[in-house]
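Data block below; observations after.
The values are calculated or read from the model by the stated rules, or taken from the named source; none is laboratory data. Predicted model only: the values in this text are computed from it and were never measured. Cβ placement follows ideal geometry from the backbone for every residue including glycine, while neighbour counts extend to all protein chains displayed.
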Amino acid sequence: MPRHLRSWLVVAALCAGLMTPVTGALADLPPGGTFLDDDYSQHQGSIEAIAALGITRGCNPPLNDLFCPRDSVTRGQMAAFLVRALDLAPTTEAPFTDTAGVFYDDINRLAAAGITRGCNPPTNNRFCPGNPVTREQMATFLTRGLGLTPLIPPPRPGPPTGNPDGTAPIPAAARVVDTSSPDIVIGTGTPSSCTSEAVVAAVAQGGIIVFDCGPEPVTIEMRETAKVFNDTGPEIVLDGRGRVTLSGGGENRILYMNTCDPDQVWTTPHCQNQDHPRLTVQNLTFVEGNSKGEEYDGGGAIWVRGGRFKVVNSRFFNNVCDDTGPDVGGAAIRVFSQYQGLPVYVVNSTFGGGEGYGNVCSNGGGLSSIGVSYTVINSLFTHNLAIGNGANPAQPGTPGGGSGGAIYNDGNTFTLHVIDTVIEDNHANEGGGAIFFVSNDRSGTLRIEDSTLRRNPSDGFETRGYPGIFYLGHGPPQVVNSTLEP
């Protein structure tokens, strides 16, 4: 066995807490009595082996005659182990703000090699050198350090797509887009060919995009956000054909479109009211998107401003955005402005759908918008949470938020039309366990048709006679052939 691989095996075992006495191929490493405190350890052979290789120098400088075998390993110490084992090159990069100290150089080398990305996603400007290394973190360190390709586990089957009993007709503008003649195909027939980089590049190019990742379901972990460029398209369609999950990995927002962002090309002088790009996501699952700390808040999975947008036959599980804030919202989807005030269509889609799958944000666990209309058809919202506190505007001494467990709508003139949809078991710390709807100029309207809303507690406030709903708009909410229960 090559010397560097032996050392890696020992380091891996040491840091994962799995050390066993040196036997077999490791037995030829030089024995010795480097440390005074490992004589009675069952792992003495392994400890002395990594000392002989120079991977560890001890725990009590400058004497370094102790190993402290019962102590856990910190992230800083781990950086030193990995740098010595891999002989990583020096660097002038210093990406973290909290690494001054004995492991400063090691941590910087580890980051330059791409083995660590930081400890506070998505910002990742800290390393947390004093924190212990968990076994799951160690697995990732070793996978990156050894140049291994992470195995992509099959996606959890998860709750179904949409309301299984939903039968409402779908308007032509809200239907799936024909993708039988795509402009771009992501992948070449294998799971490993479907990468984050390929998705980012395809979305940047625009057009009709499909996937060829093989016959089985796949999960693609997005290492960066896929961003729409406004001078492409004008039709941009992302179609997973029911077999693709895009994961933010708990670190990244997944998809972003903003017609008013000059970095994405400002194409008209009226960026908030232009008819393109027209973005459709269909037959996809979005999981573990995270927009915490992003410049444009909310939208843990998808953030959209301008143009047109619709979601068809898609699922959203375990996406998050900021925990607090009076107007931060949309763990799954956040939308600002649509062309000529036309609605965002959400069709046959699921947000949460079961215990352990819900989306979480300060406001609007599922959907959020400012001044944007939604038409939601044959869809399912369950177990989504609005976890802020202090409402909007924020009450004195509070950070604000906590409204709209499933859906949060604010602004002036807009509509929310919920059709043949189930909204249940969502929760808001403040108002509207199911729906928070505030039209500031009282011109907006809410219509609930052929739908069921139940078990959506609001800990703070809701509109009398409409359990789970807080509503301020033009006239009372219109409830047609629907069930509203506490």
Checklist entry - Which fully enclosed strands (runs of 3 or more DSSP E) of the range 366-453 have 3 or more residues being more than 17 Å from Ala174 (Cβ to Cβ)? => result 407-411, 422-424, 435-439, 445-449
Next on the checklist: Quick test for you: out of Gly402, Gly433, Gly371, Gly411, pick the one residue that is surrounded by 23 or more Cβ atoms within 10 Å (Cβ to Cβ) and on the phi > 0 side of the Ramachandran plot.
Outcome noted: Gly402
Next on the checklist: Taking the criterion of being surrounded by 17 or more Cβ atoms within 10 Å (Cβ to Cβ), among the charged types (D, E, K, R), within 22 Å of Pro157 (Cα to Cα) and out of contact with any helix residue (DSSP H, G or I) (no Cβ under 9 Å at 6 or more places or on another chain), would at least one residue in the range 234-242 satisfy it?
Outcome noted: yes
Next on the checklist: Take the residues in the range 182-229 that are in a helix (DSSP H, G or I) and over 21 Å from the mean Cα position of the chain (by Cα); name whichever of them is nearest to Arg305 (Cα to Cα).
Outcome noted: Gln205
Item to check | Members of the range 296-329 that are part of a loop (DSSP other than H, G, I, E, B) and surrounded by fewer than 24 Cβ atoms within 10 Å (Cβ to Cβ) | outcome: Tyr296, Asp297, Asn313, Asp322, Asp323, Thr324, Gly325, Pro326, Asp327
Checklist entry - Inside the range 330-345, can you point out the residues that are in contact with an Asp or Glu (Cβ under 8 Å, 6 or more places away or on another chain) and crowded, with 24+ Cβ neighbours inside 10 Å? => result Arg334
Next on the checklist: Of all residues being at pLDDT 85 or above and exposed (fewer than 12 other Cβ atoms within 10 Å of the Cβ) in the range 62-96, which is nearest to the chain's Cα centre (by Cα)? Just the residue, please.
Outcome noted: Glu93
Checklist entry - For the range 113-131, how many residues are over 17 Å from Gln77 (Cα atoms) and surrounded by 15 or more Cβ atoms within 10 Å (Cβ to Cβ)? => result 4
Next on the checklist: Tally up the residues in the range 331-350 that are under 22 Å from Gly240 (Cα atoms), out of contact with any Phe, Trp or Tyr (no Cβ under 6 Å at 6 or more places or on another chain) and of a type outside the set (A, V, I, L, M, F, W, C), please.
Outcome noted: 4
Next on the checklist: Considering only residues that are touching a residue at least 12 places away in the same chain (Cβ under 8 Å), closer than 26 Å to Gly54 by Cβ and within 22 Å of the chain's Cα centre (by Cα), which ones fall in the range 112-136?
Outcome noted: Gly114, Ile115, Thr116, Phe127, Cys128, Arg135
